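The values are calculated or read from the model by the stated rules, or taken from the named source; none is laboratory data. This structure is a prediction, so every number in the text was calculated from the model and none was measured. Cβ: placed from backbone, ideal geometry, glycine included. Neighbour counts: every protein chain shown.
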Amino acid sequence: MHRILVADDVEINREILHDMLMEDYIVETAEDGTQAIQKLQEYRGGIAALLLDLQMPNTDGYAVLNWMNDQKWINIIPVLIISSERAVEVENYCFEMGVSDFIHKPFNSSIVKKRVDNIVELFTRKNAMAQTIAKQTRALEEQRQIIRLHTRQLRDTKIFNDLMMQYRSAIMVIVAKLKVLYEEFAQEYNRNPFESIKSRLKSPESIYEKLDRKGYPITVESIREYLTDVAGVRVICSFPDDIYRLADLVVQSNDIILVQKKDYIKDPKSNGYRSLHLILDVPIFLSIGKEYVKVEMQFRTIAMDFWASLEHKLRYKKDVENTEEIERQLKVCADSIDVLDYQMMQIRNRIDKTNTALLVRDL
């Protein structure tokens with residue numbers, strides 16, 4: 001049974017409220033604000049609601065509210081003001097101080113019970129939820145500490161650092177091949193096959209988290225065998241046909257092996273995402289001989305890269321309002337980008353065709 005506190009300097013008011021609520025609650029009483037504060041301190045979190053008169057000698061109800069705000073208790077113990085005052089200014093001021101509701105005099109037993117029941121149930125659920133969130137937060141922080149400990153241990157091992165060196169080397173091999181193709185296209189075709197290259201190496205924390213989430217052992221062997229995205233290269237192209245041309249040239253290299261291909265341009269994800277993904281085995285040449293290392297390559301157009309950046313913020317940012325509506329708008333934008341990319345490609349082709357015709361005529 002919940003315990004509530006009635007603080008009113010008029011004895012008859014205390015008795016009436018006590019009799020109204022005693023069947024459903026343990027009812028404590030206080031004759032003024034000083035006693036109310038003492039009872040709150042005595043029972044601490046054991047008070048389910050405070051019924052508080054504003055006009056009391058010594059320490060009035062406003063002082064009690066100020067004290068509860070200072071103690072941060074106003075957020076966990078609901079306050080219902082006992083008052084015959086119906087002035088809007090007074091009620092607004094009380095609500096600004098954190099009051100949950102009002103019980104007006106003369107008392108109506110049915111209304112008093114319903115108001116108290118509703119507030120107690122609401123705050124009981126609210127406090128229970130807050131405790132659950134706090135517990136989950138502590139558990140998450142403990143998990144993060146474990147991850148930090150294990151990743152530090154992983155990072156300090158020579159075998160892990162040797163593997164990361166191999167992934168970095170594989171990225172350099174891919175980037176070097178792309179730069180050679182860039183120079184060739186600029187020389188032979190007077191145009192660029194891509195706009196920019198972005199590369200990244202997965203952090204030890206992300207590596208640990210992914211292996212743990214998938215249920216794999218946290219070992220260097222697991223990283224090499226089960227993770228394909230430790231080393232990543234993203235290529236940003238102007239047009240869709242440049243994506244396919246460039247990807248084919250990379251895959252056709254004699255020493256590179258195509259492990260997996262996912263074409264999200266021809267078969268977009270449900271949210272509208274479009275990109276070409278390749279998993280490659282890339283050779284690196286070490287003093288001990290040739291080793292193959294997996295690299296994930298992503299090819300996107302400029303517009304889709306901008307879209308993906310925005311979608312990433314939505315996916316990982318907390319407390320975003322109207323998420324479903326934003327997702328719908330992003331899907332519309334992705335479809336529009338796809339249409340625009342191909343329209344721009346057609347315009348470019350017309351320009352190139354015209355330039356070629358003029359060149360032939362001049363010859």
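Of note:
- The lone criterion from (1) loosely packed, with under 10 Cβ neighbours inside 10 Å; (2) more than 23 Å from A36 (Cβ to Cβ) left unmet by K135 is number (1).
- Looking across region 226-246, just one residue is among the charged types (D, E, K, R), under 29 Å from the mean Cα position of the chain (by Cα) and not in a loop (DSSP other than H, G, I, E, B), and that is R234.
- Counting the residues of region 50-73 that are under 23 Å from I26 (Cα atoms) and within 40 Å of the chain's Cα centre (by Cα) gives 6.
- Residues in region 175-212 that are of a type in the set (F, W, Y) and outside any helix (DSSP H, G or I): 2 in all.
- Test result for K202, under 30 Å from R144 (Cα atoms), without any contact (Cβ under 8 Å) to a residue 40 or more places away in the chain and surrounded by 15 or more Cβ atoms within 10 Å (Cβ to Cβ): yes
- If the condition is being of a type in the set (A, V, I, L, M, F, W, C) and either under 19 Å from G46 (Cα atoms) or surrounded by 13 or more Cβ atoms within 10 Å (Cβ to Cβ) (or both), then region 103-130 contributes I103, F107, V112, V116, I119, V120, L122, F123, A128, M129, A130.
- Test result for I76, of a type in the set (A, V, I, L, M), under 36 Å from the mean Cα position of the chain (by Cα) and surrounded by fewer than 18 Cβ atoms within 10 Å (Cβ to Cβ): yes
- Residue satisfying all of: in region 267-303; touching a Cys at 6+ places or on another chain (Cβ under 8 Å) and outside any loop (DSSP other than H, G, I, E, B); surrounded by the fewest Cβ atoms within 10 Å (Cβ to Cβ) among these: I302
- With respect to the stated conditions, S100 is among the small types (G, A, S), farther than 27 Å from K294 by Cβ, in the same structural domain as W73 (by TED's automatic domain parsing) and surrounded by 13 or more Cβ atoms within 10 Å (Cβ to Cβ).
- Residue in region 247-266 that is farthest from the chain's Cα centre (by Cα), counting only those that are assigned to a loop (DSSP other than H, G, I, E, B) and free of Cβ contacts under 8 Å to residues at least 12 places away in the same chain: N254
- Per-region count, region 28-53, residues crowded, with 19+ Cβ neighbours inside 10 Å and not in a helix (DSSP H, G or I): 11
- Scanning region 267-296 for residues that are under 27 Å from the mean Cα position of the chain (by Cα) and among the hydroxyl-bearing types (S, T, Y) returns S270, Y273, S275.
- Sole residue being within 22 Å of L65 (Cβ to Cβ) and in contact with a helix residue (DSSP H, G or I) (Cβ under 6 Å, 6 or more places away or on another chain), chosen from I103, I147: I103
- Listed by first and then second residue, the pairs linking a residue in region 45-56 that is farther than 9 Å from V79 by Cα to a residue that is assigned to a loop (DSSP other than H, G, I, E, B), with Cβ atoms under 6 Å apart and 6 or more places separating them unless they lie on different chains, are I47/I77; A48/H2; D53/D8; M56/D9; M56/D32.
- The listed residues are V116, V120, V112, and the only one of them that is touching a residue at least 60 places away in the same chain (Cβ under 8 Å) and under 33 Å from the mean Cα position of the chain (by Cα) turns out to be V120.
- Count of region 246-285 residues which are of a type in the set (G, A, S) and over 19 Å from K179 (Cα atoms): 3
- Taken residue by residue, region 350-358 has at least one member that is farther than 13 Å from S275 by Cα and modelled with pLDDT of 85 or more.
- Meets criteria (in the same structural domain as S169 (by TED's automatic domain parsing), farther than 18 Å from D338 by Cα and of a type outside the set (A, V, I, L, M)) for G289: yes
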